[in-house]
Amino acid sequence: MNKLTAFPKNLESQEYERMTADDIVTLLATDLSLGLKTTEVEHRCQRFGFNEVPEKKTHPLRSFIKKFWGLTAWMLELIIVLSWILHKDADVYIVGGLLIMNSIISFLEEQKASRAVEELKTKLQIQARTLRDGAWALVPARELVPGDVLRIRSGDFIPADLKILNGALAVDQSALTGESLPLEKKTGDLLYAGSVLKRGEATGVIIQTGASTNYGKTTQLVQIARPKLHMEEVVSKLVKWLLMIIGGLLSMTLGISIIRGFPLLDILPLMLVLLLSAIPVALPVMFTVSMAIGARELARKNVLIARLSATEDAATMDVLCVDKTGTLTLNELSISHIIPLGPFSDKDVILYGALASKEANQDPLDLAFIKLAKEKDILSSSYIQDSFVPFNPLSRRTEALIRHDHKAFRVMKGAVSIIAQACGLESQELKGLEARIEDFSNKGYKTLAVALIEDSKPVIAGLAALSDSPRPDSKALIQELQALGISIKMLTGDALPIAQEVARDIGIGENVSRMSDLKALMTTDPAAALRMMEQSAGFAEVYPEDKYLIVHSLQAGGHVVGMTGDGVNDAPALKQAEVGIAVNSATDIAKASASVVLTSAGLSGIVELVKNGRKVYQRINTWVLNKIMRTILKSTFVIGVFLITGDFVVSAFTMVLLLLMTDFVKISLSTDRVSWSKSPDTWNIASFVKVSTVLGIFMVLESLVLLWMGLKIWHLSPSDPHVQTFSFEILFFSAVTSIFVVRERRHFWSSMPSRMLLSVILVDMLVGIMISAFGIPGALQPIPLPMTAFVIGFNILFSLFVNDFVKIHLIKKMKLA
């Protein structure tokens, strides 16, 4: 009995649609009175697998090892090897420590994000009423197999694709398709995994499970999606620019050293450390810490960050694709227009429609009338509902017997044609109604008629047009995001008229296109397709894979893309987007796919995310600018003095000390008080290099002048050991004071640094002063405090006044403000 033999592992849903319920039962070898036997369930589970989507996972050890692969890691590893060959043990330990620390921090943060995603996933962990061995039982959805007989009721989540054997239902497929209106289903129709039953109950037989379901195929597309990681790109570009600068200077120094006859082994250690100073070893840590602090700030505003890089990506996001149903709209029907007929008023239509409804049934149409009646305060307890006939696909109406003030009457609501026929409308009257219905239909509304029955005479009271209304905050949100320079694209599975009406209501314009038109253009003219995506306000009749395609295509066109959504159909696009945002009411798979989850109703968290991201960008930008400037300063200063005097005024040890005292101390920039920009930021490293190079040259000239003044005033020679300490002071205090210059796009006095940043800088300066005053045995000689005070005063004067005005001029000229 029910032994499956010739059933193919996969059939397309269209084939199941054409087959009758009896054919399906025969094909699946299912007994409708007994269900499947336990032994047969085990056999089918081995053949078809569990009702889940297998997930590809990378072993943590492999993930950790990958942290030692990449341009920055290679350079650090090269320095470690060269230092070991030259017996520079201290350099080996320091650089090795930096490499390992970066790798551990990055790995731990990645694992933390993965755990957060795992906690959000539930993988269909629900119970299903299943007939097995002749008895009904609750079975974990994971253990369902093709051929299982299920009983489903209003409110149930559909755990697998199934064929309806008997029953009539209204089902919400918005999480799968984006369609906002419930769909009517009857015997012989298919129900898809991921749908939610809104009304009715039925018996069905499972035809597809796991990855074979539409739900599962969408989940597989989520696993394929890979967001672009801009942090890695920024670090790579920065390293390349810094190595080009250092490489050119070192090549020139090496050539002159050979001509002058300097022993290469004497200059190789310093050249190695100059190379080390060019590598932004602390930048990944700066990224991680800045984004983590930003994530904590957002958590206090009900925005959870599942992937840290999303906070920085939000700063550069210039396009936001927004799912309509459940994101811009409430994903619940509400009455938008009332048309009373004859002697009836708006209130009569609302009241009779509400009385012809039953709240306990949780039917979306019933709830829309009841909600509006309560809001208008016209539904009182004096109306007693003695009987109620619910909607079914055959009658296509609801009807109720009402008592009020010792008087009984009937009310009904339903399809306009059915109510009009019951009321005996003349053909001319019916044509007038049909014209109004067509007008509403063109705008995407669902129209119902309401009637009153007194003395057995039904009279039509009016029409009610229902729609999935926009959220109250959607229009304001769109306006604020557009003011921040972000282009909004609405994506929906609804028909074009509905999409255009919603787009009009929320203020993004009426330039909404059909997805089929875009896809046709993609095959013939990709450039024109990209222009269409950039210029359109949104797309209608969109399938799940289409949302993914739009996001991916915009990214290929050079845009940083955000995506908001709530359903299974949004999950692939949420995963692919740099900034995937799941709203508060999103399904578990949508939340698991997103990099950002809103934990409160409404969309205001998106604006907070963008502003916070732009602050994070500004903090990292400050670190990058300062790093480039200091690299130019240190390398040019050391090499310039060497070329002029033939002496190295800074040792390899001093360069490592400077690296430790500046790069990692400046991680406190992640706490700085900064302002967010009014337009999307861009990681234009070439522009950063130009600004930093000019400022770096000014700093080099100032440092050379300061060194010359020190040599003259204190009668020192370049070979004097005290010059090493004096040069250390010049480079150190120049680097520290320059922070105040680059942390603001405006003049340095436009905003106060954060208390943390100011405290760390003051402590760092105090350590620098102590090193100069007491020296380091075998490395740096102590120098008088007046020399230190002279260096500090000189750097404050030139950094805060001369260099700050140069910065303002450069930013205006290059339009970086």
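Structure data summary
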{"quantity": "Sole residue being buried (at least 20 other Cβ atoms within 10 Å of the Cβ), among the polar types (S, T, N, Q), at pLDDT below 85 and out of contact with any Pro (no Cβ under 8 Å at 6 or more places or on another chain), chosen from T631, T662", "calculated": "T662"}
{"quantity": "Boolean, H552 is open to solvent by 10 Å² or more (accessible area, probe 1.4 Å) and under 20 Å from V607 (Cβ atoms)", "calculated": "no"}
{"quantity": "Selection within the range 297-334 - at pLDDT 85 or above, open to solvent by 10 Å² or more (accessible area, probe 1.4 Å) and not hydroxyl-bearing (S, T, Y)", "calculated": "E297, A299, R300, K301, N302, L304, I305, D318, L333"}
{"quantity": "Yes/no for E438 being more than 24 Å from G200 (Cα to Cα) and either touching a helix residue (DSSP H, G or I) at 6+ places or on another chain (Cβ under 7 Å) or exposed (fewer than 15 other Cβ atoms within 10 Å of the Cβ) (or both)", "calculated": "yes"}
{"quantity": "Qualifying positions in the range 466-488 - buried (at least 19 other Cβ atoms within 10 Å of the Cβ), outside any strand (DSSP E or B) and in contact with a strand residue (DSSP E or B) (Cβ under 8 Å, 6 or more places away or on another chain)", "calculated": "R471, S474, I478, L481, I486"}
{"quantity": "Counted residues, the range 280-296 - those being more than 27 Å from M244 (Cα to Cα), open to solvent by 20 Å² or more (accessible area, probe 1.4 Å) and of a type outside the set (A, V, I, L, M, F, W, C)", "calculated": "1"}
{"quantity": "Residue in the range 1-12 that is open to solvent by less than 20 Å² (accessible area, probe 1.4 Å) and either under 30 Å from G96 (Cα atoms) or at pLDDT 85 or above (or both) present", "calculated": "no"}
{"quantity": "Unique match (being open to solvent by 10 Å² or more (accessible area, probe 1.4 Å) and within 22 Å of V638 (Cα to Cα)) among L731, L695, L758, L704", "calculated": "L704"}
{"quantity": "Test: E118 is closer than 30 Å to V285 by Cβ, of a type in the set (D, E), at pLDDT below 75 and open to solvent by 60 Å² or more (accessible area, probe 1.4 Å)", "calculated": "yes"}
{"quantity": "A499 being closer than 25 Å to L598 by Cβ, at pLDDT 90 or above and over 22 Å from the mean Cα position of the chain (by Cα)", "calculated": "no"}
{"quantity": "Flag if K547 is surrounded by fewer than 23 Cβ atoms within 10 Å (Cβ to Cβ) and among the basic types (K, R)", "calculated": "no"}
{"quantity": "Within the range 358-446, helices (runs of 4 or more DSSP H) holding 1 or more residues that are modelled with pLDDT of 90 or more", "calculated": "364-375, 416-422"}
{"quantity": "Hits in the range 39-68 - residues which are over 30 Å from T203 (Cα atoms), modelled with pLDDT under 80 and not in a helix (DSSP H, G or I)", "calculated": "E55, K56, K57, T58, H59, K67"}
{"quantity": "Qualifying residue in the range 566-585 (condition: surrounded by fewer than 24 Cβ atoms within 10 Å (Cβ to Cβ), touching a helix residue (DSSP H, G or I) at 6+ places or on another chain (Cβ under 7 Å) and over 24 Å from P680 (Cβ atoms))", "calculated": "yes"}
{"quantity": "Number of positions in the range 521-576 that are closer than 30 Å to T599 by Cβ and touching a Gly at 6+ places or on another chain (Cβ under 6 Å)", "calculated": "7"}
{"quantity": "Residue that is nearest to the chain's Cα centre (by Cα) [pool: residues in the range 26-38 that are under 12 Å from T203 (Cβ atoms) and surrounded by fewer than 18 Cβ atoms within 10 Å (Cβ to Cβ)]", "calculated": "L32"}
{"quantity": "Answer from I667, I620, I639, I644 - the residue that is part of a helix (DSSP H, G or I), of a type in the set (V, I, T) and at pLDDT 85 or above", "calculated": "I620"}
{"quantity": "Close pairs from the range 132-143: first part of a strand (DSSP E or B), partner open to solvent by 50 Å² or more (accessible area, probe 1.4 Å), Cβ under 7 Å, at least 6 apart", "calculated": "R132/T38; W136/R129; W136/R151; L138/Q127; L138/R129; V139/Q127; P140/Q127"}
{"quantity": "Within the range 353-385, tally of residues that are under 22 Å from E184 (Cα atoms) and free of Cβ contacts under 8 Å to residues at least 24 places away in the same chain", "calculated": "3"}
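The values are calculated or read from the model by the stated rules, or taken from the named source; none is laboratory data. What you see is a predicted model, and the numbers here were worked out from it, not measured in a lab. We place every Cβ from the backbone using ideal geometry, glycine too, and count neighbours over all the protein chains shown. Just so you know, the surface numbers come from the protein's heavy atoms only, side chains and all, with ligands and any DNA or RNA stripped out. Shrake-Rupley method; radii C 1.70, N 1.55, O 1.52, S 1.80 Å.
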